[in-house]
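Take a look at the structure set out below.
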Amino acid sequence: MTRRLTQRGRDRRKQLMDYAAIRFAEGGYHPTSVADIVGGMHVGKGVFYWYFSSKEELFLAILRAA
């Protein structure tokens, strides 16, 4: 998904990626759900899906950034 993001949007996307990377490292990719990620960040699922179409897309973005 390609969106033109403001600085705030880029920051939020990175926050999601950083938090998810920690959750994946601690609990594993498969057991960690989108609900776990958004719950831990105290945001709604809509925020997640604004930036990523799926957990897999999020994971691939984390790998690309590494």
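The values are calculated or read from the model by the stated rules, or taken from the named source; none is laboratory data. Owing to the predicted nature of the structure, the values given are computational and were not obtained by experimental measurement. Neighbour counts run over all protein chains shown; Cβ positions are idealised from the backbone, glycine included. With ligands, DNA and RNA removed, areas are computed over all heavy atoms of the protein, side chains included. Shrake-Rupley method; radii C 1.70, N 1.55, O 1.52, S 1.80 Å.
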Residue-normalised value, i.e. accessible area per residue, for the chain at 1.4 Å probe, in Å², stands at 67 Å²
In the chain the accessible area split gives carbon plus sulfur, as whole percent at 1.4 Å, a share of 55 percent
Over the chain: helical MRE at 222 nm, DSSP H runs n ≥ 4 each giving -39500 (n - 2.57), nearest 500: -22000 deg cm²/dmol
What is the sum of charges around Thr32, taking Lys and Arg as +1, Asp and Glu as -1, for the other residues whose C-beta is under 13 Å from the C-beta of Thr32? -1
What's the percent breakdown of Cα-Cα distances in the chain across 10 Å bins, shortest bin first? 21, 61, 17, 1
For the chain, which trypsin sites (Lys or Arg not before Pro) are in a loop by DSSP, counting at most 14 other Cβ atoms within 10 Å? Arg3, Arg4
